[in-house]
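First up is the structure itself, then whatever we jot down about it.
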Amino acid sequence: MSDVPRPDATEPAPDDVSALDRLAAAGDVTVRVDGRDLVVMVDQSGAARRPTPEEVAALLPRVRSVLADFAAVRERATAFLWEWGAEGEETEEERAGFHRDVLPGTLTLTVTDAREARFAVHFDSRNEAYLLDGYWPAVHLDADLHPDRVTIEA
């Protein structure tokens with residue numbers, strides 16, 4: 001997960017089917033959102049079974065909708081993560097640095113059934129002060145794309 005643009009990255013748009021259509025078969029794709037690469041990945045770790053390509057394909061309109069509103073999703077997830085980890089004595093400058101340096105790198109979708117998926121935003125940091133080496137936070141979103149919990153992934 002990095003800031004370096006990948007040659008296959010594309011801007012997601014309602015009519016851009018090329019990158020996201022590969023998600024069903026490949027399990028992950030890289031798209032360009034908010035001027036950065038974002039990996040969109042089907043989560044296999046929490047699922048009792050691997051979703052079929054048809055199940056993932058049926059959810060592509062929902063994925064496109066999330067990506068179309070990703071600036072707002074990102075802002076809510078970043079603010080939630082800040083509040084989750086803040087101790088209460090941080091300065092506005094520290095908060096601004098966190099928002100600048102802790103950025104989304106991956107959007108995962110966990111297929112819950114043939115018509116629904118849950119999303120999580122996984123963050124990377126450009127500053128070693130925020131995350132322990134080898135670990136990253138994931139902000140899990142509810143059905144309305146509002147943050148509801150944080151997990152630390154390894």
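Side notes on the structure shown:
- Between THR108, THR52, THR30, the Gaussian network model of the chain with springs among Cα atoms under 10 angstrom shows the greatest mean-square fluctuation at THR52.
- Accessible surface, 1.4 Å probe, highest first, among residues ASP43, ASP133: ASP133, ASP43
- Other-chain or far-sequence residues with amide H under 5 Å of ALA117's (modelled H): THR112
- Most to least packed among 96-107, 138-149 [average Cβ atoms within 10 Å]: 96-107, 138-149
- Among the chymotrypsin sites (Phe, Trp or Tyr not before Pro) in the stretch 106-154, those placed in a DSSP loop whose Cβ has at most 14 other Cβ atoms within 10 Å are TYR135.
- For the chain, the share of accessible area belonging to carbon and sulfur comes to 51 percent (1.4 Å probe, ligands and nucleic acids excluded).
- Counted charge near GLU75, where neighbours are those whose Cβ lies closer than 11 Å (Asp, Glu -1; Lys, Arg +1): 0
- Summarising the amide proton neighbourhood of ASP124: residues at separation of 5 or more, or on other chains, whose placed amide H is nearer than 5 Å comprise LEU103, GLY105.
- 5 angstrom amide H check on VAL33, placed H, neighbours 5+ away: LEU38
The values are calculated or read from the model by the stated rules, or taken from the named source; none is laboratory data. Just so it is clear, the structure is predicted and the values come from calculations on it, not from any experiment. Cβ atoms come from the backbone with ideal geometry, glycine included; neighbour counts cover every protein chain shown. The accessibility values were calculated without ligands, DNA or RNA, using every heavy atom of the protein model including side chains. Shrake-Rupley method; radii C 1.70, N 1.55, O 1.52, S 1.80 Å.
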